[in-house]
1. Could you count how many residues in segment B:120-142 are under 22 Å from B:W61 (Cα atoms) and touching a residue at least 40 places away in the same chain (Cβ under 8 Å)?
2. Got at least one residue in segment B:136-150 being within 12 Å of chain A (Cβ to nearest Cβ), over 30 Å from A:S306 (Cα atoms) and not polar (S, T, N, Q)?
3. With segment B:196-288 as the region, which strands (runs of 3 or more DSSP E) entirely inside it contain at least 1 residues that are of a type outside the set (G, A, S) and within 8 Å of another protein chain (Cβ to nearest Cβ)?
4. From the list A:G229, A:G247, A:G264, exactly one residue is on the phi > 0 side of the Ramachandran plot and either at pLDDT 95 or above or touching a Gly at 6+ places or on another chain (Cβ under 6 Å) (or both). Which is it?
5. Could you tell me how many of the residues in segment A:310-319 are within 19 Å of the chain's Cα centre (by Cα) and not in a strand (DSSP E or B)?
6. Can you tell me how many residues within segment B:58-102 are at pLDDT below 95, among the small types (G, A, S) and outside any helix (DSSP H, G or I)?
7. Return only the number of the condition from (1) on the phi < 0 side of the Ramachandran plot; (2) surrounded by 19 or more Cβ atoms within 10 Å (Cβ to Cβ) that A:G294 does not satisfy.
Protein chains: 2
Amino acid sequence: MGLSLIASTAVFAADPLASWNEGPAKQAIVEFVKATTKEGGTQFVAPADRIATFDQDGTLWVEHPAYGQLFYCLSRVPAAVEEKPELAQVEPFKTVLSGDHAAMAKLTLDDYLKIAMVTLSGMPTDEFKQEVHAWLAKAKDPRWKRPFTELTYQPMKEVMQYLRDNGYRTYIVTGGGQDFVRAYSEEVYGVPPEQVVGSAGTTEYGYDKSGKPQLIKQPKILLNDNDAGKPENIYLLVGRQPYAAFGNSTGDRQMLEYAKSGKGARLAMLILHDDAEREYAYGPAQGLPDTKVGTFTDALYNQATSEGWTVISMKKDWKKIFAFE
Amino acid sequence: MGLSLIASTAVFAADPLASWNEGPAKQAIVEFVKATTKEGGTQFVAPADRIATFDQDGTLWVEHPAYGQLFYCLSRVPAAVEEKPELAQVEPFKTVLSGDHAAMAKLTLDDYLKIAMVTLSGMPTDEFKQEVHAWLAKAKDPRWKRPFTELTYQPMKEVMQYLRDNGYRTYIVTGGGQDFVRAYSEEVYGVPPEQVVGSAGTTEYGYDKSGKPQLIKQPKILLNDNDAGKPENIYLLVGRQPYAAFGNSTGDRQMLEYAKSGKGARLAMLILHDDAEREYAYGPAQGLPDTKVGTFTDALYNQATSEGWTVISMKKDWKKIFAFE
């Protein structure tokens, strides 16, 4: 009895943000939670209104050298060509099938959109989910040679859990595909599908051969969840203004503005990737290289400073980056 | 102590579906809940998957002589004309401003869509919500001379509460405006805004004069939440297939099919308005008049029979219809 009491006290007293170094970033999170959950406090937020939103790529998991979903789309090209053999002679599919890395490195954003359209549509929603699961089980990040889902940031998972333990609902608000992220969000982040807002195509209701209803994913964009699309889609799917928001690039700017602009205590945080050794270093703010993936500009840095957002330095603020370290 | 114990026992033992007569409809609801919540049972459903969806107009509140939101749109025409004076000379606004009931009765669906477009867009989302609240506080149904929110069906509110008490999350899935219903769903039905799926226009992120972020409602349809749109939008906003669905018209057909088609115990229920005395009687199924609002056809009736949906007769199954009776 005595031992079990000590054990549970120890668990209770453990630092919920153990992977964070002491400093202004950790302090901002703790102060925000204390202020908004203190019964009778002037900044108390009712549990139903406790909403926190998180970008995914570069905020919850590694986005270099390319977004995880892009690797998925590339892996699906052979299956898509099997379905529609005429694609084999059409660019950019021809290049992807060639396996010529030098040629693939030259593919444009427009090429990738074509690949995404073809590989993310045409199948029933249930089948798509199974395909994502199967891919996640075997795909490896090219640098760490680990599943992509292990390349999630331990400090951010602690923030999500800490917020949930204090009555917040944590939403992922991603420029990536809503269906893609929903396939693993519960298992990887503890975020259920209905709390994932992302870019989305339309679906079409119909029936399979046995007459059973199904939804087929269509090659038509319905929601573009980047930039202004983030607050617009939070409004559409949630109908509430977040009290806290976390991002890492210019595509998250409006979401952070939106969260921060409400009354009472608000938390807006931007992750700066400044740790080339343990992860990657890119900006171009703070003199870091502009890699065009997850762009963090000087203008964004200045807006953070002038509007009271907190910049998280991966190098200084995070004791560890991945759980496996 | 003794008295308070008896009182709480009485509350606990009270019939959660007190406004329902004994019969197959009530029995279907109770059996579904028992089957899906019995720990270790073969049809047990994990709490996270317990989703029930409800149409609103004609399923949760009166939809005759016209949808409540239509009365709202008509009430907003003078304000819309004040904003854009040129509308005063344009149909259908000219007719609405005239107050000529005979002329208004001839307005077409297309006319109403024009009125909806103008009266439901152009303002910040917060302002729209306030306008809906102000209207609900003073608007009265033409027959009962009561606020529209009192013309909600007591038996259906009991079903919602009963499901919630058994771990279900209750969603409203309405052909009406998502923003409109979200403005009062929590207060009237106990359904928070993020659990309302409805027809929706786009919004546009921008800034007010003081530089504060705001979302402006645009006159552009994004989601049409009728027919196949219901399962499609449930998938978009919730990402889970409902275990129970409730509707009252052909516009709910696909949602009921979708809910019923999953594995395990499923509940699909259709309300038949067959009580001209206490509410309204319309079909055209069962020889009731076709009023073109909330159409319930013979084909729908036959599908209910052949696919194991339960038809609720308002006349036979409901002891009382409104709380104020």
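1. Final tally of qualifying residues: 11.
2. Scanning segment B:136-150 turns up no residue that is within 12 Å of chain A (Cβ to nearest Cβ), over 30 Å from A:S306 (Cα atoms) and not polar (S, T, N, Q).
3. Hits in segment B:196-288: B:196-207, B:213-223.
4. On inspection, the qualifying residue turns out to be A:G264.
5. Looking only at that region, the number is 1.
6. Of the residues in that region, 2 qualify.
7. So the condition that A:G294 fails would be (1).
This table checks each residue for (1) surrounded by fewer than 21 Cβ atoms within 10 Å (Cβ to Cβ); (2) farther than 16 Å from A:Q178 by Cβ; (3) among the polar types (S, T, N, Q); (4) touching a strand residue (DSSP E or B) at 6+ places or on another chain (Cβ under 6 Å).
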residue: A:L222; (1), (2), (3), (4): yes, no, no, yes
residue: A:K230; (1), (2), (3), (4): no, no, no, yes
residue: A:V238; (1), (2), (3), (4): no, no, no, no
residue: A:A245; (1), (2), (3), (4): no, yes, no, yes
residue: A:T250; (1), (2), (3), (4): yes, yes, yes, no
residue: A:M255; (1), (2), (3), (4): no, no, no, yes
residue: A:A259; (1), (2), (3), (4): no, yes, no, yes
residue: A:L270; (1), (2), (3), (4): no, yes, no, yes
residue: A:D274; (1), (2), (3), (4): no, yes, no, yes
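The values are calculated or read from the model by the stated rules, or taken from the named source; none is laboratory data. Being a predicted model, the structure only gives us computed values, none of them experimental. For neighbour counting, all protein chains shown are included, and Cβ atoms are generated from backbone atoms with ideal geometry for every residue, glycine included.
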